[in-house]
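Chemist: Okay, handing you the structure first.
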Amino acid sequence: MKIKFSSAFRSDQEEIMDSFELSGEEMQNVLTDLKTVNKYLGGNNITINGISKLLKNHSFVNEITIIDLGCGDGEMLRQCAKYGIKNGYNFKLIGIDGNSYILEEASKRSASFKNISFIQMDIFSEEKFSVSFDIALCTLFLHHFKEDSIIDLLQKLVDNAKLGVVVNDLERNKIAFNLFSIASRIFLRTRIARHDGLVSVARGFKRDELFKMSKKLNLKQFSIGWKWAFRFQWILK
């Protein structure tokens with residue numbers, strides 16, 4: 001199916017990875033492809049930078065609980081763990097994802113980090129969200145959903161986060177769409193990663209869309225910054 005791009009509207013095409021049934025070697029190869037994309041485009045650093053902003057002047061003594069929604073294979077949490085060790089923070093890190101197969105892989109890849117754990121949960125189900133946390137992370141996660149669902153989720157996170165929420169997501173940009181289309185054929189091994197990457201850009205955001213959603217939320221303050229490569233860092237307090 002041809003993937004369509006519009007500067008005016010977010011795409012409603014679905015990503016293959018949105019299925020909770022992806023598993024096995026195919027899943028492992030896709031996760032490795034996604035890690036490659038983030039490594040070379042510096043995506044994880046945007047989230048870490050957001051965490052550092054929320055922790056400015058924060059105590060190094062108390063335990064800080066960070067949850068990562070749509071955590072995938074746990075790579076973002078592993079980067080958080082390394083950042084915490086390097087800077088003397090006492091982090092408790094919890095990954096949340098709806099795919100049990102991915103979480104099994106995440107547990108294996110994170111086995112050497114004793115402060116990382118995982119919970120299987122569909123965050124849009126009626127299941128009660130009972131985890132207490134200081135910071136919530138949404139890294140390349142919100143673009144999977146429609147605006148109403150995003151606002152409902154973010155309001156829940158903001159209401160419960162003691163410090164705030166860090167969103168790291170894609171700018172909907174025609175240049176980014178075309179560049180990814182070319183580069184993915186060279187650097188990515190799996191058809192799923194190539195397909196979903198293009199759909200992700202088409203489902204990304206414009207700055208004014210993030211601003212309008214911010215105004216609909218009950219926030220003390222927020223900031224929206226553009227980051228390379230074609231990302232937004234959206235911090236909500």
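Chemist: In nm, to one decimal, how far is the S130 label point from the Q155 one, both placed 7 Å along Cα→Cβ?
Modeler: Each label point is offset 7 Å from its Cα along the Cβ direction, giving 2.4 nm.
Chemist: How about region 91-139: which GluC sites (Glu not before Pro) there are in a DSSP loop, with at most 12 other Cβ atoms within 10 Å of their Cβ? Spell out each step's value before the answer.
Modeler: Details: sites: E104, E105, E126, E127; in loops: E126, E127.
Of the GluC sites (Glu not before Pro), the ones in loops of region 91-139 whose Cβ has at most 12 other Cβ atoms within 10 Å are E126, E127.
Chemist: Going through region 29-79, which trypsin sites (Lys or Arg not before Pro) have at most 15 other Cβ atoms within 10 Å and a DSSP loop state?
Modeler: On the way: sites: K35, K39, K53, K56, R78; in loops: K56.
Counting only loop positions with at most 15 other Cβ atoms within 10 Å, the trypsin sites (Lys or Arg not before Pro) in region 29-79 are K56.
Chemist: With just the Cα atoms of the chain, tell me how far they stretch along each of the three principal axes, in Å, largest first.
Modeler: 51, 41, 36
Chemist: So if I place +1 on the C-beta of Lys and Arg and -1 on the C-beta of Asp and Glu, and nothing else carries charge, what would the dipole magnitude of the chain be about its Cα centre? I want it in debye, nearest 20.
Modeler: Numbers: 34 positive and 28 negative charges, 243 e Å.
Using only the charged Cβ atoms, the result is roughly 1160 debye.
Chemist: Given the pairs K82/K212; K162/K227; K56/K82; K4/K108, which span a C-alpha to C-alpha distance of over 29 angstrom in this model?
Modeler: Exceeds cut-off: K82/K212; K4/K108.
Chemist: How far, in nm, would the chain grow between S6 and K215 when pulled straight, counting 0.36 nm per residue and subtracting the alpha carbon separation? If you can, show how the numbers build up before the last one.
Modeler: Details: separation 209, 0.36 × 209 = 75.24 nm, distance 2.40 nm.
Extra length from S6 to K215 when fully extended: 72.8 nm.
Chemist: With +1 assigned to the C-beta of every Lys and Arg and -1 to the C-beta of every Asp and Glu, and no other charges, what is the dipole magnitude of region 45-122 about the Cα centre in debye, to the nearest 20? Could you put the intermediate results ahead of the total?
Modeler: On the way: 9 positive and 8 negative charges, 100 e Å.
It comes to approximately 480 debye.
Chemist: I need the shape label for region 80-128. Rule: rounded when a/c is under 1.5, else prolate if a/b > b/c, else oblate, with a, b, c from the alpha carbon gyration tensor.
Modeler: On the way: a/c = 3.60, a/b = 1.73, b/c = 2.08.
The shape class here is oblate.
Chemist: So between K114 and K82, what do we pick up on full extension, going 0.36 nm a residue minus the alpha carbon distance?
Modeler: Values: separation 32, 0.36 × 32 = 11.52 nm, distance 1.18 nm.
That pair, K114 and K82, stretches by 10.3 nm at full extension.
Chemist: I would also like to ask the following. Using unit Cβ charges (K, R positive; D, E negative) and no other charged atoms, how large, in debye to the nearest 20, is the dipole of region 171-217 about its Cα centre?
Modeler: On the way: 12 positive and 4 negative charges, 15 e Å.
So the magnitude is around 80 debye.
Chemist: Find how much the distance from R185 to W226 grows on full extension, using 0.36 nm per residue of separation minus their present alpha carbon separation; answer in nm with one decimal. It would help to have the intermediate numbers written out before the result.
Modeler: Numbers: separation 41, 0.36 × 41 = 14.76 nm, distance 2.60 nm.
In short, 12.2 nm is gained.
Chemist: Which percent of Cα-Cα pairs in region 137-237 sits in each 5 Å bin, short to long?
Modeler: 2, 12, 23, 23, 16, 10, 7, 4, 1
Every read-out reported here was derived from the displayed coordinates using simple, explicitly stated rules and does not represent laboratory data. In this text the structure is predicted, and so the values were computed from the model without any measurement. Quick reminder, even Gly has a Cβ in these numbers, built from the backbone with ideal geometry, and neighbours come from all protein chains shown.
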